[in-house]
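First the structure, in the form of structure tokens, and then the observations on it.
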Amino acid sequence: MKLLEQMKELTQLRGISGCEDEVREYLIQKIQGHCHRYEVDNMGNLIVHKKGRQTGSKKVLFSSHMDEVGFVITHTAKEGMLHFAPVGGVTPAVTAGRPVLIGKNAVPGVIGTRPVHLITDEERKEYAKLEDMRIDIGAKDKEEALALVSLGDQATFIGPWRELGDQSVLAKAIDDRAGCALLLDLIQGELDYDCTFAFVVQEETGCAGSKAVAFSQRPDIAVVVESTTAGDLPSAPEGRQVCRVGAGPVISFMDKGTIYPWDLYQQATKIAEANSIPWQTKEGVFGGNDARSYASSAAGAKTLAVSLPVRYLHAANTLANKTDIENARKLLALLAKELPRG
């Protein structure tokens with residue numbers, strides 16, 4: 001399946017917020033011959049214009065973000081250990097002991113903290129803080145470390161693509177390389193109506209890229225294609241599971257950044273049901289995404305969020321379901337056919 005193969009390749013690229021170059025160059029290669037024109041703006045957003053068989057009455061833009069969570073190197077200690085800061089919402093619980101790659105030369109390292117044998121009973125009740133962790137690259141001192149890495153270098157998780165059972169895939173950065181793969185799939189196919197596609201930067205650190213795209217493109221409707229946290233785990237109370245892997249793409253009515261227009265939400269759900277596409281909603285007001293930018297920037301746009309339910313979001317290994325991916329693909333193709341009509 002071409003969609004899964006491109007999603008696999010995208011997840012293995014490295015690109016924290018502000019360092020999305022690898023992802024953007026991959027996408028530029030893959031859209032060649034499949035679009036009317038494309039542009040890269042001053043922030044690094046990739047904006048693709050694709051002609052359909054006709055022009056609709058509404059300008060519809062599909063958006064996914066290219067960046068992943070990770071870390072930035074901030075200081076080198078005399079013993080050769082690297083201090084770092086998080087880029088995006090990374091929690092300590094998924095950080096200690098994880099291997100990483102650092103800088104353009106992909107220097108390998110591991111995020112370390114004090115082992116369980118060296119902490120007190122009281123300290124064991126809480127996770128170690130990120131500011132108390134260090135990245136160990138095996139350097140004997142500061143000079144050796146600085147010969148390999150520089151302050152400001154990106155550090156990314158290592159999360160190889162794996163298939164679990166018949167239906168699940170595991171990799172780093174499914175948020176939101178899955179969305180990028182789904183948009184790429186639309187661009188590589190045929191469209192009934194003209195559509196614009198935006199692969200945006202810096203979503204994980206405040207949605208800066210989509211603000212610029214909203215201002216320059218001014219769509220009537222913006223469909224944000226995302227990954228969202230699935231909490232269908234035994235430890236999560238039923239009312240806090242939010243959404244479930246395998247139950248279909250997630251169509252949101254509200255999150256912490258956006259109230260989605262009810263008529264657009266209903267239109268999307270009716271399209272799914274009329275075409276026998278399983279779907280679910282986000283059962284709670286949690287998180288946020290680039291929809292907030294499109295709804296509130298420039299003249300404002302009507303917004304819709306279609307998300308892939310993903311377990312272990314913002315960790316080194318994240319899990320998605322192949323059937324959910326395929327059903328998201330079907331739904332997005334129908335939205336590209338129906339929404340531009342107005």
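Once the GluC sites (Glu not before Pro) in DSSP loops with at most 11 neighbouring Cβ atoms within 10 Å are cut out of the chain, the longest remaining piece is 191-342. Residues 262, 279, 161, ordered by accessible area of protein heavy atoms at a 1.4 angstrom probe radius and largest first, appear as 262, 279, 161. Rolling a 1.4 Å probe across the protein heavy atoms gives the range 241-342 an accessible surface of 37 Å² per residue. By how many degrees, 0 to 90 and rounded to 10, does the Cα axis of helix 322-338 deviate from the longest principal axis of the chain? The answer is roughly 40 degrees. What's the long-distance tail for the range 256-342, i.e. % of Cα pairs beyond 21 Å? In whole percent, the long-distance tail amounts to 38. Divide the volume of the convex hull around the Cα atoms of the range 165-244 by the residue count and you get 170 Å³ per residue.
Expressed as a whole percent, the accessible area of the chain that falls on carbon and sulfur atoms is 50 (1.4 Å probe). Determine, at each q value in 0.08, 0.13 (inverse angstroms), the log₁₀ of I(q)/I(0) that the Debye formula gives when each Cα of the chain is one equal point scatterer. Reported log10 I(q)/I(0), two decimals: -0.39, -0.96.
One quarter of the convex hull surface, Cα atoms only: what value does that give for the range 14-78 in nm²?
The Cα convex hull of the range 14-78, projected and averaged over all directions, gives 6.3 nm².
Taking every pair of alpha-carbon atoms in the range 78-194, what share in percent sits in each 10 Å bin, from 0 to the bin with the longest distance? Calculated over all Cα pairs of the range 78-194, the distribution is 11, 32, 28, 18, 8, 3, 0 percent. Per-residue ellipticity at 222 nm computed for the chain from its helices equals -7500 deg cm²/dmol, with DSSP H segments shorter than 4 residues left out and the rest contributing -39,500 (n - 2.57).
Binning all Cα-Cα separations of the range 198-292 at 5 Å, short to long from zero, yields these whole-percent fractions: 2, 12, 20, 21, 20, 15, 7, 2, 0.
Restriction of the trypsin sites (Lys or Arg not before Pro) in the range 3-77 to DSSP coil positions whose beta-carbon has at most 10 other beta-carbons within 10 angstrom yields 53.
The values are calculated or read from the model by the stated rules, or taken from the named source; none is laboratory data. Note that the structure is predicted; figures quoted are calculated from it, not measured. In this analysis, Cβ positions are derived from the backbone assuming ideal geometry, glycine residues included, and neighbour counts consider all displayed protein chains. When the accessible area is computed, the model is the full protein with side chains, heavy atoms only, and any ligands, DNA or RNA have been set aside. Shrake-Rupley method; radii C 1.70, N 1.55, O 1.52, S 1.80 Å.
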